[in-house]
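First the structure, in the form of structure tokens, and then the observations on it.
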Amino acid sequence: MQSVVSILETTAADGKNFSVILPLIKKHLTFLSIMTQQRHVVTETVILVDEKDHPRGSQEKLVAHLIPQRHRAFSVFIYNGRGETLIQRRADGKYHSPGLWANSCCGHPRPGEEVREAAQRRLFEELGFTCDLTPVTRVCYTLKLEKDLWELEFTHVFQGVYEGEIHPNPEEVSEIKWVLPHDLIKDKTKYARWFKLYILKYYDQIFGSPQKMRDAL
């Protein structure tokens, strides 16, 4: 596991020219800026993987989003009995994509943690509830975010059904609402980059099975 500083030092020692070192300096400044605001983000660790989800070690979460390095992730889609999916607006204090709408819950498993267990843990941390989750699909993508950050992720997608009370954590979520999946396409709401990708590229894979789940209730 390497920090931004150690990578910068190695690059300089190898005699890399300034055009190579400058972007690393910018990333280090981004790292320092986020670290002073949200130190807990720096201490979190993610599982590095290849394009087939084979583990390749671990890395600090923020560093993996700065370099970037592919890592394991999950996205959760929660439905109610009417077939609506729960979406959330990310809190304004989030270190990336603040104030944007996204799917029910997203996150990263910790080293040694099963993906489904991590998804249930994160559901409770963000929304104050948990429920049974079923694997839907897996997607691998690369997305450029703001602040020189990247989403280079191998994402396990889960779905679940929930009708109970929801208690959003204000540090994570500023607003929630239930939306029919087909309305997501025509909605003018501002979406996070990965959520927009799910809707535009993976809609059939992700939203093609809610009816089957409702029929099983």
* **Subset of K94/K196; K144/K190; K61/K177; K94/K201; K94/K186; K144/K201 violating a 20 Å alpha-carbon distance limit** => K61/K177; K94/K201; K94/K186
* Environment charge at H156 (Cβ cut-off 9 Å; Lys +1, Arg +1, Asp -1, Glu -1) -> +2
* Structure fact -> Checked the stretch 134-180 against the a/c 1.5 cut and the a/b vs b/c comparison, axes a ≥ b ≥ c from its Cα gyration tensor; verdict oblate
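What ranking do W101, W178 get, fewest neighbouring Cβ atoms within 10 angstrom at the top? Could you put the intermediate results ahead of the total?
Values: W101 21, W178 14.
The order, fewest Cβ neighbours first, is W178, W101.
Let me know the shape class of the stretch 92-191, please: from the alpha-carbon gyration tensor, a ≥ b ≥ c as square roots of the eigenvalues, rounded when a/c is under 1.5, otherwise prolate if a/b is greater than b/c, or oblate.
On the way: a/c = 1.27, a/b = 1.05, b/c = 1.21.
Note, shape of the stretch 92-191 comes out rounded.
Each reported figure results from applying straightforward, stated rules to the coordinates on display, with no laboratory input. Just so it is clear, the structure is predicted and the values come from calculations on it, not from any experiment. Neighbour counts run over all protein chains shown; Cβ positions are idealised from the backbone, glycine included.
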